[in-house]
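First the structure, in the form of structure tokens, and then the observations on it.
The values are calculated or read from the model by the stated rules, or taken from the named source; none is laboratory data. Predicted model only: the values in this text are computed from it and were never measured. We place every Cβ from the backbone using ideal geometry, glycine too, and count neighbours over all the protein chains shown.
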Amino acid sequence: MPRTLQQLDYTNRFARLPGRFHSAQQPTPLPSPYLVAFNPDAAALLGLAPEAADDPVSQQVMTGNQVLPGHEPLSALYAGHQFGVYVPQLGDGRAILLGEARNERGEHWELQLKGAGETPYSRMGDGRAVLRSSIREYLCSEAMHGLGIPTTRALSIMGSDYPVYRETAETAAVVLRMSPSFIRFGSFEVFFYRNQHDAIRELADFVIDHYYPACRDAARPYQALLDQVIARTASLMADWQAVGFCHGVMNTDNMSVLGLTLDYGPFGFLDAFDPGHVCNHSDHSGRYAFDQQPNIALWNLHCFAQALIPLLDMDATIEALKRFQPLFEAAYGQRLRAKLGFAAQGDKDEELIVKLFGRLYQGQVDYTVFFRRLAGFIPGELNAPLRDLFIERETFDDWAADYAARLAQESRDPRERQAAMLRANPKYILRNHLAETAIRQAIERDYSEIERLRTLLAAPFDEQPGMDRYAALPPEWAQQISVSCSS
């Protein structure tokens, strides 16, 4: 069993694609690196021992200071629509793919350094990442996995006192993140706009052969690929909306063809429920507001489908895109019924949900706390823990009467319903103030809060003794936290 990074089995399938898909790029070393965080859960996916965190060679690899035999470092080319405007060339501006490791189960994981220096796609940037943003990505990718939402993973954070300049001078960091693939919608767009249709076909064949092999047996494999990406994206949007996750930068270059949550920047989870919440302070128009995410996903899918048009039938493509909305609504409805404790769909469930969201918005009620407490709802009782979340208690009472009547239609034992609701409504999420606390301590070289949060968020639905403060309502100072594209 492999113990360190140098003992993994590297295959590097993406590197076998021709040079027009990527550029060879060696990482730029960082001086005097030190370990900030190491994730044993992600390490287990590779077959790594936890002790790999302390292996000097592995630490150098995780920083980008050493390249191992079997690695073929490269940065990928892609384009994309950023805030609705097409940008003809983007690419991995601060990401370098080291290689692809195959574990003992035959699973493939690409290992990518984020923040390891300039690449041909840096666009006058320095190719570096700062400690602040690295901690946020590390924690959120693992928090999303704990919630059961498809995502890239994070193995480690390596830090250095090397200065990196954003709004102010900050210290550098490198995240080693993992994914079956980092191919995105924009990976196809770049070749569509360059009129290189053979490259589109080659990349589509690569994706089908390695990630959607069942599509190869379909009558129209490329149409089947589009169908799969639409279905996975619809499911992902239902996941995001159900837990109150805001991505912040849903550009087409940040959309995974595998339906994964990709590229954590100015993300956020809802505190007080606000359907129009904009978590990215760089998003001045509110394009990527919380309630717009499903619509933007569909817009992005149109861009992806357009890039595949040389391989597709136009009429079939239009029909495929029309299926997104019903797929999303079905998946989202299912998740909301689970949150509310409904085993089956009721005739007036949508009306009840709309009424609830209106009450939550009106009262600026915390989204996560409300749904977690809802599991303890008792028909006919005052339900003070829920009622007290509302400034105007009567607005809750009005809805609670309708909710109690709906629960009366359920055949499940109330204890079974409560247990199911606790499995659908997390107690712990990565609120911005929790990440900010970990960041502030890490700046002082105390990394214990990063590990505490990682462990906590790996089991967000569980009652964890002594950790209730992490499930409490956010403090007032949390409202002053600002995240932007530099985050």
- For region 303-377, which helices (runs of 4 or more DSSP H) that fit wholly inside it have 3 or more residues that are within 20 Å of Phe188 (Cβ to Cβ) and out of contact with any Pro (no Cβ under 9 Å at 6 or more places or on another chain)? 314-322
- Query: Do you know which residues across region 281-301 are within 17 Å of Gln241 (Cβ to Cβ) and in a loop (DSSP other than H, G, I, E, B)?
  - Reply: Gly286, Arg287, Tyr288, Ala289
- Task: Please verify whether region 316-332 includes one or more residues that are in contact with a Lys or Arg (Cβ under 9 Å, 6 or more places away or on another chain), surrounded by fewer than 20 Cβ atoms within 10 Å (Cβ to Cβ) and at pLDDT 95 or above.
- Result: yes
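One line per residue, one yes/no per condition, for (1) surrounded by fewer than 19 Cβ atoms within 10 Å (Cβ to Cβ); (2) without any contact (Cβ under 8 Å) to a residue 40 or more places away in the chain; (3) farther than 28 Å from Cys246 by Cβ; (4) within 26 Å of the chain's Cα centre (by Cα):
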| residue | (1), (2), (3), (4) |
| --- | --- |
| Ala401 | yes, yes, yes, no |
| Ala408 | yes, yes, yes, no |
| Arg412 | yes, no, yes, no |
| Gln418 | yes, no, yes, no |
| Met421 | no, no, no, yes |
| Tyr428 | no, no, no, yes |
| Arg431 | no, no, no, yes |
| Glu436 | yes, no, no, yes |
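Listed here are the residues, each with its yes/no results for (1) of a type in the set (S, T, N, Q); (2) buried (at least 16 other Cβ atoms within 10 Å of the Cβ); (3) at positive phi.
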{"site": "Arg337", "(1), (2), (3)": "no, yes, no"}
{"site": "Leu340", "(1), (2), (3)": "no, yes, no"}
{"site": "Gln364", "(1), (2), (3)": "yes, no, yes"}
{"site": "Val369", "(1), (2), (3)": "no, yes, no"}
{"site": "Phe377", "(1), (2), (3)": "no, yes, no"}
{"site": "Arg387", "(1), (2), (3)": "no, yes, no"}
{"site": "Glu392", "(1), (2), (3)": "no, no, no"}
- Would you point out which residue out of Val243, Val175 is within 19 Å of the chain's Cα centre (by Cα), farther than 25 Å from Leu90 by Cα and not polar (S, T, N, Q)? Val243
- Gly248 being in a loop (DSSP other than H, G, I, E, B), at pLDDT below 95 and not aromatic (Phe, Trp, Tyr): no
